[in-house]
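Read the figures in this text as sums done on the coordinates, not as results from a lab. Since the model is a prediction, treat every value here as computed from it, not as a measurement. In this analysis, Cβ positions are derived from the backbone assuming ideal geometry, glycine residues included, and neighbour counts consider all displayed protein chains.
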Amino acid sequence: MRVMGLDIGKKTIGVALSDPVGLTAQPVTTVKRTTFVKDIEAVLKLASGNEVSTIVAGLPLNMDGTHSPQTGFVLKFVDRLRESASMPVETWDERLSTAAVERVLIEGDISRSRRKEVVDKLAASYILQGYLDSRRVE
């Protein structure tokens, strides 16, 4: 079964999926945020349509591991998602994921407008790949 990765922001949610055996992560889409209810419905519809067994949401921590204002926002979303989801919803440390993706896109000479279109789903893929890699080590 597949694992879904999420990069939850205030305006968008980046979505990535693992391959069927859970080795690699691929960026899938970016969901434009509207309301908690509609956002959760959109995520769960994607999960259901792709036979997802686990959802992993990136948790934005400060560099020292403490919670940031964004951490609380993401945890609130994750709590609501857990209430509605039929599969486990986990969190994964996403420190520097968006910055790392931005750096790669800039080095690849990707235009600013194109970077804006793809950064969230690529960050979700980066988060998910970290989660998948950690499971192989265990």
Exercise. If you stretched the chain out fully between Ser84 and Arg103, how much longer would it get, using 0.36 nm times the residue separation minus the C-alpha to C-alpha distance?
Worked result: 3.3 nm
For this session: Mind pulling the per residue volume of the convex hull built on the Cα atoms of segment 2-137? Å³ is fine.
Result: 109 Å³
Exercise. Segment 25-93: which GluC sites (Glu not before Pro) are DSSP loop and have at most 13 other beta-carbon atoms within 10 angstrom?
Worked result: Glu51
For this session: Please grab the % of Cα pairs in segment 40-99 that end up more than 19 Å from each other.
Result: 34 percent
For this session: Please report the relative contact order for the chain, taking Cα pairs under 8 Å with a sequence separation of at least 6, and give it as a percent rounded to a whole number.
Result: 34 percent
Exercise. Magnitude of the Cβ-charge dipole of the chain, K/R +1 and D/E -1, about the Cα centre, nearest 20 debye?
Worked result: 500 debye
Exercise. So what J values fall out for segment 85-93 if you push phi through Karplus, 6.51 cos²θ - 1.76 cosθ + 1.60 with θ = phi - 60°, rounded to Hz, Gly and Pro as x?
Worked result: 7, 9, 10, x, 10, 10, 10, 9, 4
For this session: Just tell me which lysines come within less than 18 Å, Cα to Cα, of Lys45; anything on the same chain fewer than 8 places away is out.
Result: Lys32, Lys121
Problem set entry | Beta bridge orientation in segment 2-137: antiparallel %, DSSP, nearest 5 | 55 percent
